[in-house]
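Worksheet: one structure, shown below.
The values are calculated or read from the model by the stated rules, or taken from the named source; none is laboratory data. Predicted model only: the values in this text are computed from it and were never measured. A quick note on method: Cβ atoms are made from the backbone with ideal geometry, for glycine too, and the neighbour counts reach across all protein chains shown. Keep in mind that these areas ignore ligands, DNA and RNA; they rest on the heavy atoms of the full protein, side chains included. Shrake-Rupley method; radii C 1.70, N 1.55, O 1.52, S 1.80 Å.
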Amino acid sequence: MINKVVSGAEEAIRDISDGSTIMLGGFGLCGIPENCINALVSKKVSDLTCISNNAGVDDFGIGLMLKQRQVKKMISSYVGENAEFERQLLSGELEVELIPQGTLATRCLAAGYGMPAIFTPAGVGTEVAEGKEIRNFNGKDYLMEFAFDADFAIVKAWKGDTAGNLIFRSTSRNFNPVMAMAGKITIAEVEELVEAGTLDPDYIHTPGIYVHRIFQGKNYEKRIEQRTVRKR
Amino acid sequence: MSLSKEQIAQRIAKEIKDGYYVNLGIGIPTLVANYIPDNINIVLQSENGLLGMGPFPFEGEEDADLINAGKQTITTLPGSSIFDSAMSFGMIRAQKVDLTILGAMEVSENGDIANWKIPGKMVKGMGGAMDLVASAKNIIVAMQHINKAGESKLLPACTLPLTGVKCIKKVVTELAVLDILPEGGFKLLEIAPGVSVDFIRQSTLGKLIVEGEIPEMKLD
């Protein structure tokens, strides 16, 4: 059995350096790798290209890295919850590539499946299509979008084992499994790390072959962005 | 009298049929869920990766791991399923979702839609909107017909950056229900109670097609 376990976030991100391209799992603040983000903030690496559906909020998640100006370029689909992000974008301090959410997810999938590109109708006829190859299949136009090429993918899972197998919980799954497949080096932080053999192979979401480093995270805040409830 | 947001949602709910898988966008579309008749069964898709979205949780039962595409805490229902975001857009692209309801800032008479960006002012991103409008076979747009200054949002051509081209077939506004015809033009189908056809004419900058008597919307 190949053991993927590292001591913690600091060791897991040890070779992420200035200029690295990193993917970060999560949707909004749901399922984000809190421990690794905090370690990147402490390490103060800069000039990062971050691929993540959202950019956190001003004081949590990727927002913390933006505040310290560690991010050179952000590739996301929706960034509306972060005032500092919008300010850096409108002032030209931050390079931003906004791409459709399905395109983002599927470009991760393509990388993990070993396919160089995908064809999607999303963005045809819009500014997203500028400079991209268009192919017509069965009378409909599709954009060619390339698989992502990321140095690191950092994901958060619910449970994982020492062999790197991952199980996600509820909608905190979101982008995590496809990003886990897409990194040259994939780092997984999990709420509960167990011995290999404990998890039922039939219920693994991400096979350990995609995961290079795994550790049990601590002090998860799991902040809720929009707390909505109904009366009993 | 123009419709409230709730009434627009109420009118759109009448378009939903038994057995539909439906994706509801943020804003007015979210309200549609409140007006689904009890005698029909539908499944709501949330594009972050959930089929079978249930109501908001009871106070104290919020789960940070269970949210919808608007990042609101929600619940699952019997029969719900969870999947990753790539599969979520896979089912949208493959047209497994029967109906998509979303908001818009502008639509044009040939079915173009703009709803993601105001250059120099508002940059929030398109989220899943471009994927949805490019692939969905059945899209209803819930939007304001006119802005606060009385200017039409139903235009000959969109002025804002596009989200998708020639994809919108039906629009429900505070004033009217309209189809966008394949050959172009807004065909007036219903008007809000107390609104005149003349007012629709002056509030629609794009080509408006009015044929015969136009019935009043029924909201009950």
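Figures for the structure shown
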item	result
Nearby aspartates and glutamates by direct alpha-carbon distance to B:LYS121 (threshold 12 angstrom, same-chain neighbours under 8 apart not counted)	A:GLU86
Cα gyration tensor category, rounded, prolate or oblate, for the stretch A:84-146 with a/c compared to 1.5	oblate
For the stretch A:1-72, Kirkwood radius (reciprocal of mean inverse C-alpha pair distance, Å)	12.5 Å
Equivalent ellipsoid semi-axes - Cα gyration tensor, the stretch A:144-227, angstrom	20, 18, 12
In sequence order, calculated HN-Hα J values of the stretch A:100-114 (Karplus, 6.51, -1.76, 1.60; Hz; x Gly/Pro)	x, 4, x, 5, 4, 5, 6, 5, 5, 4, 4, 4, x, 9, x
Which of B:TRP116, A:TRP158 is most accessible, then next, and so on - probe 1.4 Å	A:TRP158, B:TRP116
Pairs of alpha carbons in the stretch B:162-220 whose separation is greater than 16 Å (percent)	41 percent
Dipole moment magnitude, nearest 20 debye, chain B about Cα centre, only Lys, Arg, Asp, Glu C-beta charged	680 debye
Other-chain or far-sequence residues with amide H under 5 Å of A:THR21's (modelled H)	A:THR49, A:ASP151, A:PHE152
Cβ-based charge dipole, the protein assembly as shown, positive-most Cα from A:ASN136, B:THR30, A:ILE204	A:ASN136
Amide hydrogen neighbours beyond the local backbone of B:TYR21, cut-off 5 Å, H modeled	B:VAL43, B:ASP98, B:LEU99
Between the stretch A:172-193 and the stretch B:90-164, the alpha-carbon center distance in angstrom	32 Å
Partner chain coverage, peptide A:72-85 - average Cβ within 10 angstrom	3
Karplus 3J(HN,Hα) series, Hz, for the stretch B:188-204 with 6.51 cos²θ - 1.76 cosθ + 1.60 (x for Gly, Pro)	6, 9, 9, 10, 5, x, x, 9, 8, 4, 4, 5, 4, 4, 6, 9, 10
Sequence of A:MET74, B:MET87 when ordered by accessible area, the most exposed leading, probe 1.4 angstrom	B:MET87, A:MET74
For B:MET105, solvent-accessible area (1.4 Å; no DNA, RNA or ligand), Å²	40 Å²
Solution diffusion estimate, µm²/s, Stokes-Einstein, the protein assembly as shown, Kirkwood Rh from C-alpha pairs, 25 °C, viscosity 0.890 mPa s	107 µm²/s
Protein heavy-atom accessible area occluded, B/A pair - total, 1.4 Å probe, Å²	4300 Å²
Fraction of antiparallel bridges per DSSP, the stretch A:5-105 only, in percent to nearest 5	15 percent
Antiparallel bridge percentage (DSSP; both residues within chain B; nearest 5)	55 percent
16 Å Cα-Cα reach of A:LYS184 towards aspartates and glutamates, excluding residues that sit fewer than 8 places from it in its own chain	A:ASP15, A:ASP149, A:ASP151
Prolate/oblate/rounded call for the stretch B:1-146, Cα gyration tensor, a/c under 1.5 rounded	rounded
Cα centroid separation, the stretch B:169-220 to the stretch B:20-68 (Å)	29 Å
Sequence ranges B:137-144, A:131-138, B:167-174, ranked by mean other-Cβ count within 10 angstrom, highest first	B:167-174, B:137-144, A:131-138
Whole-Hz ³J(HN,Hα) from phi, Karplus 6.51 cos²θ - 1.76 cosθ + 1.60, for the stretch A:214-219, glycine and proline x	9, 8, 8, x, 9, 6
Rounded, prolate or oblate (a/c below 1.5 giving rounded, otherwise prolate when a/b exceeds b/c) for the stretch B:84-137 by Cα gyration tensor	oblate
Which of B:PHE199, A:ALA105, B:VAL172, positive extreme of dipole for the protein assembly as shown (C-beta unit charges)	B:PHE199
Considering only the protein assembly as shown, percent of DSSP beta bridges that pair antiparallel, nearest 5	40 percent
Of A:LYS140/B:LYS14; B:LYS5/B:LYS124; B:LYS5/B:LYS117; A:LYS218/B:LYS71, pairs whose Cα-Cα distance is over 25 Å	A:LYS140/B:LYS14
Sequence-distant residues sharing a close amide H with A:ALA117 (under 5 Å, placed H)	A:ALA147
Heavy-atom SASA rank of B:LEU208, A:LEU90 (probe 1.4 Å, accessible area, largest first)	A:LEU90, B:LEU208
Dipole magnitude (debye, nearest 20) for the stretch A:79-218, charges at Cβ of Lys, Arg, Asp, Glu	340 debye
Check: the protein assembly as shown dipole with +1 on Lys, Arg Cβ and -1 on Asp, Glu Cβ, in debye	200 debye
Estimated [θ] at 222 nm from DSSP helical runs (n ≥ 4, -39500 (n - 2.57)) normalised by residues in the protein assembly as shown, nearest 500	-4500 deg cm²/dmol
Semi-axis lengths (Å, descending) of the ellipsoid that matches the C-alpha gyration tensor of the stretch A:1-144	29, 21, 12
